[in-house]
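Pasting in a structure now, in structure tokens, and then I'll have a few things to ask.
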Amino acid sequence: MATIEFENVSKRFGDSVAVDNLNLTVQDGELLVLLGPSGCGKSTVLRMVAGLDEPDEGLIKINQETVNDVEPRDRDVAMVFQSYALYPHLTVARNLEFPLRRRGVEQAERQKIVSDVAETLQLTPLLERKPAELSGGQRQRVALGRAIVRKPSVFLMDEPLSNLDAALRVETRAQIVALQRRLMTTTMYVTHDQVEAMTMGDRIAVMKAGVLQQLATPKVLYSLPANVFVAGFLGNPPMNLLPGTVGSSTEGSPVIRLTGGELPLPSAYVGLNLPEAVFAGVRPEALTVDPDGSLSAVTTIAEVLGSEVHVITALPDGSHLIVRQDADLPIPERNESIRIRADDPESILLFDALSGERVQAR
Ligand SMILES: Nc1ncnc2c1ncn2[C@@H]1O[C@H](COP(=O)(O)OP(=O)(O)O)[C@@H](O)[C@H]1O
Ligand SMILES: [Mg+2]
């Protein structure tokens, strides 16, 4: 069992900052997902925990002990990568027991651990096969197994499912979560896939260009994103961010003015000192095509995805507004002028158009 702490950790490669002043604590037993686009510094964060990269500044602590100067092999962490890196000439059983042999664990004990882990990962029937005789998903489970047999205090997983096809990814991610829950081993899991992050993480740390943007549970991240980057990164399709200003309607009630019309200002923002230019954040599933809606838009295209339809529309200034609706509702035609309503105007979020930060509501 272990905690992992980052205190003001920075890492540069030449002139470029890969990780910029990271402060973060992974709780004991937690599965924390690091999420962000390619190149934002996720792997560098993991590699610094493993001891494969050294921070330029700051402290990394595992179980409250500073490990900056501790050799990788003495850190008691196990890392699983996207590529499986199994020994091709060894059977599954021998691959699994490899870390144990190296540590000089006795044969009887080795066999017991390997058969337990094989059972857990549904590898028992495959123990005598070579990696070339396995599917991608099976190979990745062997790689996981090889990390587990060591009983490390920390698991580090760097996009371990990227090489698997979609169905296998879904299945394997559920297995990893179940396994982590059972072992309760503190885990940092890196992915650029927001669905993977949302379904797996106890908490998610969203990174952009080396900077931590927000650390929160999946639920909070989705409902209260800290800024426009997080809002636009999560959700499929992501949150609509509509440029507008705050003002009064002709009847004198507070509204958000957009190019396609007005939305009522949520009561939590009324009376606050608001920025002049804002983005109104509305999830696509919180919008409905409705002749009585307050926004007018033109349909660009409707994407039919089985149970749901994404109606992509353009507001008069050309900005996109996406409505996610059930497949059994009428689908607007291309170039059709439509009206759209916000189902729950109180759920609209405001972001400062200059800073991109979410405006704190009352
Ligand atoms: N060994 C290295 N040498 C030079 N630049 C590197 C090295 N490793 C990573 N970087 C750079 O650091 C940044 C973060 O990389 P990385 O941590 O691999 O991002 P991610 O895992 O989020 O895709 C990128 O701009 C990458 O090009
Ligand atoms: Mg990476």
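Restricted to the stretch 52-78, and to residues that are part of a strand (DSSP E or B) and touching a residue at least 12 places away in the same chain (Cβ under 8 Å), which residue is surrounded by the most Cβ atoms within 10 Å (Cβ to Cβ)? Spell out the reasoning first.
Start the filter on the stretch 52-78 by keeping residues that are part of a strand (DSSP E or B), which leaves 57-62, 65-66, 77-78.
Those left that are additionally touching a residue at least 12 places away in the same chain (Cβ under 8 Å): 57-62, 77-78.
Numbers: 57: 14, 58: 18, 59: 13, 60: 22, 61: 17, 62: 21, 77: 25, 78: 22.
Among residues in the stretch 52-78 that are part of a strand (DSSP E or B) and touching a residue at least 12 places away in the same chain (Cβ under 8 Å), the one surrounded by the most Cβ atoms within 10 Å (Cβ to Cβ) is 77.
Checking residue 301 against (1) among the β-branched types (Val, Ile, Thr); (2) in a strand (DSSP E or B); (3) over 30 Å from residue 334 (Cα atoms): exactly one of these is not met. Which one?
The one condition residue 301 does not meet is (3).
So, one more: Spot the failing condition for residue 81; the list is (1) more than 16 Å from ligand 2 (Cβ to nearest atom); (2) of a type in the set (Phe, Trp, Tyr); (3) closer than 17 Å to residue 187 by Cβ, and only one is missed.
(1)
Okay, moving on. In this structure, is residue 90 under 25 Å from residue 135 (Cβ atoms) and part of a loop (DSSP other than H, G, I, E, B)?
The answer is yes for residue 90.
Yes or no: the stretch 156-176 includes at least one residue that is under 14 Å from the mean Cα position of the chain (by Cα) and part of a helix (DSSP H, G or I).
yes
Another question about this same structure. Going by the structure shown, is residue 144 in contact with a helix residue (DSSP H, G or I) (Cβ under 8 Å, 6 or more places away or on another chain), crowded, with 17+ Cβ neighbours inside 10 Å and not in a helix (DSSP H, G or I)?
no
Taking the criterion of being of a type outside the set (A, V, I, L, M), more than 16 Å from ligand 2 (Cβ to nearest atom) and either more than 19 Å from the chain's Cα centre (by Cα) or closer than 28 Å to residue 218 by Cα (or both), would at least one residue in the stretch 35-54 satisfy it?
Looking for residues that are of a type outside the set (A, V, I, L, M), more than 16 Å from ligand 2 (Cβ to nearest atom) and either more than 19 Å from the chain's Cα centre (by Cα) or closer than 28 Å to residue 218 by Cα (or both), one finds at least one in the stretch 35-54, hence yes.
Hey, among 49, 33, 17, 9, which residue is within 16 Å of ligand 1 (Cβ to nearest atom), part of a strand (DSSP E or B) and closer than 30 Å to residue 131 by Cα?
Result of the check over 49, 33, 17, 9: 33.
Right, another one. Where the second residue is within 10 Å of ligand 2 (Cβ to nearest atom) and the first is closer than 14 Å to residue 180 by Cα and lies in the stretch 27-49, which pairs have Cβ atoms under 7 Å and are six or more apart or on separate chains?
33/191
Oh, and also: Could you check residue 294 against (1) outside the structural domain of residue 34 (by TED's automatic domain parsing); (2) crowded, with 20+ Cβ neighbours inside 10 Å and say which number it fails?
(2)
The values are calculated or read from the model by the stated rules, or taken from the named source; none is laboratory data. Keep in mind it's a predicted model, so treat the numbers as computed, not measured. With ideal geometry, Cβ positions are generated from the backbone for all residues, glycine too; neighbour counts draw on all protein chains shown.
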